[in-house]
Amino acid sequence: MGPLCLAVDIGGTKLAAGLVDARGGLHAAEQVPTPVTEDSEAVWSALAELVSRVLGRVPGELAACGVGCGGPMEPGGTTVSPLNIGAWRRFPLRDRVAALVAVPTAVDNDAKALALGEWWRGAAIGRDHFLAMVVSTGIGGGLVLDGRLLDGRLGNAGHVGHVVVVPDGRPCACGAFGCLEAEASGTAVAAMCGGAAADAPLELIRRAGTLVGRAVGSVANLLDLDLAVVAGSAALGWGEPFFEAARAELDRVARLAFSRPVRIEPAGLGRDGPLVGAGALGWRLRGMGPGR
């Protein structure tokens, strides 16, 4: 199998870890629920226990570690403040993980990691201008333009979940109103239907898709890209009704000659995307994977 990279994905609903080989294959993946607590160390303990179990399954050399985590965060993931993990505010994630695993460690936004994974082994192979989105507990994004993953001033480029899609709409955890995350994430849809997002009525699924298409069209008009790859448990679980509504709204919004070709596609890596993307973060430290 050769050297492996430890891949870690940190979200508001679940914590996941696995091993990614140099070809992007995923092995020994495990996940646990994210603790619902205000105690930062309780969340860390759950993550550390999960990581330790996966490390125990490494058959040979561990080359690096890559971690995708919800944002915002400070450059390089030195500290993270995920909106959907209230216990972590300026939590020193990179140093804590690096000390635990004892190999070079990269931390970045989970949707930026997804962009790398889809670029490397998914629906964006060979594409140099695209948006990758995670529609799950929250909504995040990562941007590749001119063959380069965009970081931005503090490493937070691509936060499409905080594009306003409903003026004066629902309050968002970020403090604004009508953000895509507040209107179309799994958390938002669950709140609107009073049950699990997976069981939402068709009209709410289509509404979420419409708002995602609206955001993608706006980004395409702004940044001259031609693909949006959408992943996340909510989007993939809602399936074709969600994607149909997103594509219809995209066609209505992206009307400029250069933005009309943009298309929305489900993530090619499916539910493995977040961990393969986290692995890509780690492999980049070794000069491998996409965007090196």
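Values as computed for the structure displayed
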quantity: Test: residue in the stretch 97-104 that is within 18 Å of the chain's Cα centre (by Cα) and at pLDDT 95 or above; calculated: no
quantity: Output for the stretch 232-259, where each listed residue is surrounded by 14 or more Cβ atoms within 10 Å (Cβ to Cβ) and in a loop (DSSP other than H, G, I, E, B); calculated: Gly232, Ala254, Ser259
quantity: Enumeration of residues in the stretch 129-147 that are modelled with pLDDT under 95 and of a type in the set (D, E, K, R); calculated: none
quantity: Boolean, Ala257 is of a type in the set (A, V, I, L, M, F, W, C) and in contact (Cβ under 8 Å) with a residue 12 or more places away in the chain; calculated: no
quantity: The stretch 158-186 residues that are part of a loop (DSSP other than H, G, I, E, B), paired with ones that are surrounded by fewer than 24 Cβ atoms within 10 Å (Cβ to Cβ) and among the acidic types (Asp, Glu) (beta carbon under 8 Å, 6 or more apart); calculated: Gly178/Asp168
quantity: Candidates Gly77, Gly56, filtered to the one that is surrounded by fewer than 16 Cβ atoms within 10 Å (Cβ to Cβ), among the small types (Gly, Ala, Ser) and more than 18 Å from Ser185 (Cβ to Cβ); calculated: Gly56
quantity: Test set (1) assigned to a loop (DSSP other than H, G, I, E, B); (2) at pLDDT 95 or above; (3) not polar (S, T, N, Q) - Gly217 fails condition number; calculated: (1)
quantity: Top-ranked residue in the stretch 1-53 [being polar (S, T, N, Q), within 21 Å of the chain's Cα centre (by Cα) and part of a loop (DSSP other than H, G, I, E, B); ranked as surrounded by the most Cβ atoms within 10 Å (Cβ to Cβ)]; calculated: Thr34
quantity: Any hit, the stretch 179-190, residues being surrounded by fewer than 24 Cβ atoms within 10 Å (Cβ to Cβ) and aliphatic (A, V, I, L, M); calculated: yes
quantity: Number of the exception - Glu118 against (1) within 15 Å of the chain's Cα centre (by Cα); (2) surrounded by fewer than 24 Cβ atoms within 10 Å (Cβ to Cβ); calculated: (2)
quantity: Evaluation of Ile264 against (1) surrounded by fewer than 16 Cβ atoms within 10 Å (Cβ to Cβ); (2) not in a loop (DSSP other than H, G, I, E, B) (one fails), failing number; calculated: (1)
quantity: Test: residue in the stretch 223-233 that is β-branched (Val, Ile, Thr) and within 21 Å of Arg121 (Cα to Cα); calculated: yes
quantity: Residues being assigned to a loop (DSSP other than H, G, I, E, B) and not aromatic (Phe, Trp, Tyr) - total across the stretch 54-102; calculated: 23
quantity: Subset of the stretch 58-81 [within 17 Å of Leu275 (Cβ to Cβ) and either modelled with pLDDT under 95 or not assigned by TED's automatic domain parsing to the domain that holds Val276 (or both)]; calculated: Val58, Gly70, Gly77
quantity: Meets criteria (assigned to a strand (DSSP E or B), within 21 Å of the chain's Cα centre (by Cα) and within 23 Å of Lys14 (Cα to Cα)) for Val212; calculated: no
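The values are calculated or read from the model by the stated rules, or taken from the named source; none is laboratory data. None of the values given here were measured: they were computed from a predicted structure. Reconstructed Cβ throughout: ideal geometry from the backbone, glycine too, with neighbour counts over all protein chains shown.
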